[in-house]
Structures are given as structure tokens and as C-alpha cells.
């Protein structure tokens, strides 16, 4: 038995050193999916909620812009836009944003304060400040950009 041990020891001491590299690479991904479609109809109500799912594998930022700064009556370009309140809540990402449509005209940025949400649910809510009164079609376009954040990541 001692001879076997010495033989193995002799073989091990003469072995060459090997190195092994281990690595992995994950692409950055941030996306938002509206579960009820991407349109909100305020024809007969003052408020609507739209559920959403978000996936981001690093800290994220959201930029929100309004095209008209409110609901614009399409047939009357001289009528002022009807203001609304925009709410975005994504609890897992520490985002609780509230702004008027006029504020969104110049664009607002929100970030997850370094939190990585991975898969999270949230909701978007639009509340009119006043009822739509005049006949016609009202519209606004809200652009929501979700992208990786440069802010520090929380541990």
C-alpha cells in the first residue's frame, strides 16, 4: 500500500500546471409590456388604469414624454389641450411617478434608485382633470422609454 501511495505522489509531483478560464456574458435587457394593450380610452370615464409587466436585468431609468401636453381636440387646433394626471407605479423598482400632462410635454425621467427589478408588475393610471365636453376626437401620445440606468446598484 505504501508503494502505491508513493507512486501516486511521484506522478502528481511531476504533473504540469493547467489553468481553466470560466466566464459568462449576459446582454442588457429592459422592456415593458402593457397587458391591456397600448391604448387608453377616456371617452366615458375620467380615469383608467393599465397593468404592465417590466423586465430589466440591471438598474433602470424611464423617460416619459407627452406629444401634446394633454388631450388635444383634433378638429380644433386652437382649443387648449385637456390636462390629465399621469401615474406610474412599479413598486419592486422603487418607481412611484406622478406628473401632469403639461409637465410631460418637456419630458420627465425616473430611475429605480439602483434597484434591479428583474421581473416586476406595475400599473399606469391616467386621470382627467376635467371631463371631455366638446364633440370630436381627443388624443395624446405618451412615449415611455425604458433603458439601463447609470445609477449605482443597491445590494
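Figures for the structure shown
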quantity	calculated
Evaluation of residue 69 against (1) free of Cβ contacts under 8 Å to residues at least 60 places away in the same chain; (2) in contact with a helix residue (DSSP H, G or I) (Cβ under 9 Å, 6 or more places away or on another chain) (one fails), failing number	(1)
Extreme residue, surrounded by the fewest Cβ atoms within 10 Å (Cβ to Cβ), among residues of the stretch 66-85 that are out of contact with any strand residue (DSSP E or B) (no Cβ under 8 Å at 6 or more places or on another chain) and over 16 Å from residue 104 (Cα atoms)	78
From the options 92, 125, 63, residue that is modelled with pLDDT of 90 or more, surrounded by 14 or more Cβ atoms within 10 Å (Cβ to Cβ) and in a helix (DSSP H, G or I)	92
Residues that are in contact (Cβ under 8 Å) with a residue 12 or more places away in the chain and buried (at least 16 other Cβ atoms within 10 Å of the Cβ), drawn from the stretch 103-122	104, 105, 108, 110, 111, 112, 115, 116, 117, 120, 122
The listed residue being within 30 Å of residue 25 (Cβ to Cβ), at pLDDT below 90 and in contact with a helix residue (DSSP H, G or I) (Cβ under 9 Å, 6 or more places away or on another chain), out of 112, 149	112
Residue identified as touching a helix residue (DSSP H, G or I) at 6+ places or on another chain (Cβ under 6 Å) and closer than 14 Å to residue 144 by Cα among 90, 95, 54, 64	64
Residue 97 being surrounded by 14 or more Cβ atoms within 10 Å (Cβ to Cβ), in a strand (DSSP E or B), free of Cβ contacts under 8 Å to residues at least 40 places away in the same chain and in contact with a strand residue (DSSP E or B) (Cβ under 7 Å, 6 or more places away or on another chain)	yes
Members of the stretch 14-38 that are part of a loop (DSSP other than H, G, I, E, B) and touching a strand residue (DSSP E or B) at 6+ places or on another chain (Cβ under 9 Å)	28, 29, 35, 36, 37, 38
Qualifying positions in the stretch 103-122 - assigned to a helix (DSSP H, G or I) and farther than 21 Å from residue 49 by Cβ	105
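The values are calculated or read from the model by the stated rules, or taken from the named source; none is laboratory data. Remember, it's a predicted structure, so these values are computed and weren't measured experimentally. Counting neighbours? That spans all protein chains shown, and the Cβs are built from the backbone with ideal geometry, glycine included.
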